Structure formats: C-alpha cells, structure tokens
C-alpha cells in the first residue's frame, strides 16, 4: 500500500500554467516579472529586435555588454523566455495580439501614453482577452500633474523624501546605495498582480493595475511619516542611529564597527553591565528611554570607550548570548558568502551557456507546498522567438518573412 504522504510527484509551482507577457525594461518591471517567473509562471520577455532590453548593455563587464548579456540583465531575468518583436510594425502588433489572446498577465513599464499610441492599451487588449491582468508600472502613475515626466530611481528617491531623511548633518541629502525605488516598485507590482489573479480566479474578470514608483516607496517610510503627520515632528538627521531607541545604532569597536539594537529597557541595562559600566544605568541622563534618546551624543562615546577594547566578533557573541541584538557590519562580499545566506540558498548556482557558472538570486520566500526558484538561465536575445511563433501557428516561411521585414 502506497503512503500518500510520501508522494514522489514533484511539487507544483504556485503560478504554473500562468503566461505572462513581459514588455518591461531595465529594473522595476523586470524585477516584478522575475518574481512571477520564480513562482513558476511562463514569462515571455518581448524585446525590440535591434538590441533588446537596455539592461543587456548595462554592467561592469564590457564583454558581456557587447554580447547583450550585461550583469544588470543577468541579475533580473532568470526563468524567462526571449521573443523579439517590433511593435511599431503592423505585423508585429498582429503577432502581439495573438499572444495576448493566450496570456494571463501583461506587465509594461512605458510612459502612460506609449501603449495607447501603439493601439495596444488595456481597453483594446481587454476586448481580445477579458481575463487579462494588465499591470502598468511608471514613475508617477497613469494620471496626475507629473504622470508624463521621465522617472529614474534617483529622481524618485529625491521626490519621495527618501534622500532628505538619509545621512547626517555632514552628508545630506543622501541616496540609498542601490535602486530602492525601482526594486520596491517591482515588488509592489508583483504583489498587485497576484491579488488581481486571485480576484480573477473568483470572478473570471481581468483588470488594469496602475503602479507608481513614487506611491510604492513612500509607505516604507511609515514610521517617519507618522511622526510628522501625527506627532508633528520633522525628521531628524541621525545617520546610523535608530531614532526609536538608544543605544541603538552603529558603534566603533577595536577592529571596526558593530550594530547594537538595545531597544528595550532590560537590553539597555544588559549592555551597561556587559560593557562594565553599570553606573550608567542610574545616571539620570540615561535611566529612561526618552532621556537616553535625548542624550545619545553623550552616551555613545562612553560606550565606545569600552567597545574599542575588544574586536567586533567578541562583542557580537557576548551581546547576542545575553539577548541584546547585535551584528557585525559586513562588506557586500562577506554578506553574500556568510553561512546563514548559504544555508538559506539565497543565491543559486546557474549555468549560462558561453558565460559559465553564475550565482544569482532565487526566490527568497520559502513556500512549503509550492516552492519556487531558478529553473532556466537568463535568455539570449530572441532565443525563443521561433518556438513561440511556431506555437502560434506561423510557418517557417512566415518566420523568414518576419526576419526580412525586421518584425522579429
């Protein structure tokens, strides 16, 4: 008798059977569709026949840029298929409409008027496929006074207030060290697409989704914004200090730096004891949380005088062992190779033909029943064009004609 709890059938991916048409470029859009692809969706990346996604030329390895496989492209496009299509050509638009009839989701990150000028906006495509979930990602959204302005990550960082609250009195404004608005916008788009697919499962209806990078990033500042909107307190430039508590932030040790987050009263008292300065617990400047926050500039050097006596690793082990959250401040190289990241398989080995074995980010969420991850490497430009158009019913002669006319 077979034990059904030990089935050898491979688990089904969460989005298996979902077809996504990906018209996106560079980062926000490709990051959204990457997550749909990691969850098992068939993502067809529709690229211009000349040179494809701009990200194919972006990165710090010139040879890969010339091959249209730049590091920026490799980072965001695992599990996808590449189909080249000139949407400005009538034949290209007809092919695209046939694809739309087979699709579940369309994601694009053009300016708001581009798809309408092509005659391929949501009202047109919804007539072809009423079940289509259409997600439009833009800097400012599809309407409003700024809707048609160009938007890059750093522009949104500046307009959202992110740069204004980063840094300290010596260095401000300060951008985040990676494209935080693009990536958060992509996650927001993937989240909204999943919600729309759930709605469609219940009702059979597709819908239009309008995602703006500016909208997406601002709620991440919820605590800071709440202090202003509710508490009427302007943001204070605090650098690496945590505004909610003290001592909580970055401190100097003998060989570098340490993050300590003594956010609770008992954690603060443990820090004072472990560092050998128990008298600070009864110092009126530091006894209560709000007093410590006001006097953090006096407190920090007193703690650092002790922290500088030993290395970061010593303090991290001692503080964590005594329930005071702490951690080293790692270089990116060390962060990517640390044992916990390896254990979680945050990076996956991927063999890319002509390039070699790469380490790329997979799906960071661990789904018990429907696990996701990287199955195929980022595609060469137009790698799947012939197969996909053949599937749509086009003949080899049709493909030759499309190539001659530069439709594909």
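The values are calculated or read from the model by the stated rules, or taken from the named source; none is laboratory data. Fair warning: this is a prediction, and the values are worked out from it, not measured in the lab. Every residue, glycine as well, gets a Cβ built from its backbone with ideal geometry; the counts of neighbours run over all protein chains shown.
Do any strands (runs of 3 or more DSSP E) entirely within the range 64-162 hold 2 or more residues that are in the same structural domain as residue 391 (by TED's automatic domain parsing) and within 18 Å of residue 184 (Cα to Cα), and if so, which?
105-108, 133-138
Could you check residue 175 against (1) touching a helix residue (DSSP H, G or I) at 6+ places or on another chain (Cβ under 6 Å); (2) in a helix (DSSP H, G or I) and say which number it fails?
Against the list (1) touching a helix residue (DSSP H, G or I) at 6+ places or on another chain (Cβ under 6 Å); (2) in a helix (DSSP H, G or I), residue 175 comes up short only on (2).
For residue 338, only one of the following conditions fails: (1) under 30 Å from residue 64 (Cβ atoms); (2) touching a helix residue (DSSP H, G or I) at 6+ places or on another chain (Cβ under 9 Å). What is its number?
(2)
Scan the range 356-365 for residues that are free of Cβ contacts under 8 Å to residues at least 60 places away in the same chain and outside any loop (DSSP other than H, G, I, E, B) and report the count.
Let us first name the residues in the range 356-365 that are free of Cβ contacts under 8 Å to residues at least 60 places away in the same chain, namely 356-357, 359, 364-365.
Now drop any that are not outside any loop (DSSP other than H, G, I, E, B), which leaves 356-357, 359.
Counting residues in the range 356-365 that are free of Cβ contacts under 8 Å to residues at least 60 places away in the same chain and outside any loop (DSSP other than H, G, I, E, B) gives 3.
Would you mind telling me which numbered condition in (1) buried (at least 20 other Cβ atoms within 10 Å of the Cβ); (2) out of contact with any strand residue (DSSP E or B) (no Cβ under 9 Å at 6 or more places or on another chain); (3) part of a loop (DSSP other than H, G, I, E, B) residue 217 fails?
So the condition that residue 217 fails would be (3).
Can you name the residue in the range 350-376 that is more than 17 Å from the chain's Cα centre (by Cα) and loosely packed, with under 11 Cβ neighbours inside 10 Å and is also nearest to residue 9 (Cα to Cα) among such residues?
Result: 369.
Can you find even one residue in the range 199-206 that is assigned to a helix (DSSP H, G or I) and either outside the structural domain of residue 137 (by TED's automatic domain parsing) or closer than 22 Å to residue 141 by Cβ (or both)?
Yes, that holds for at least one residue.
With the requirement that a residue be touching a helix residue (DSSP H, G or I) at 6+ places or on another chain (Cβ under 9 Å), under 23 Å from residue 386 (Cα atoms) and either in contact (Cβ under 8 Å) with a residue 40 or more places away in the chain or not in a helix (DSSP H, G or I) (or both), what does the range 37-63 give you?
41, 43, 44, 45, 46, 47, 49, 51, 52, 53, 56 - these are the residues of the range 37-63 that are touching a helix residue (DSSP H, G or I) at 6+ places or on another chain (Cβ under 9 Å), under 23 Å from residue 386 (Cα atoms) and either in contact (Cβ under 8 Å) with a residue 40 or more places away in the chain or not in a helix (DSSP H, G or I) (or both).
Conditions tested, residue by residue: (1) crowded, with 22+ Cβ neighbours inside 10 Å; (2) modelled with pLDDT of 95 or more; (3) within 17 Å of the chain's Cα centre (by Cα).
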site	(1), (2), (3)
70	yes, yes, no
76	yes, yes, yes
97	no, yes, no
115	no, yes, no
131	no, yes, no
137	yes, yes, yes
155	no, yes, no
159	no, yes, no
181	yes, yes, yes
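Using the structure shown, decide if residue 211 is at pLDDT below 95 and surrounded by 12 or more Cβ atoms within 10 Å (Cβ to Cβ).
no
Among the residues of the range 366-402, write down those that are in contact with a helix residue (DSSP H, G or I) (Cβ under 9 Å, 6 or more places away or on another chain), part of a loop (DSSP other than H, G, I, E, B) and farther than 23 Å from residue 55 by Cα.
Across the range 366-402, the qualifying residues are 366, 372, 392, 393, 394.
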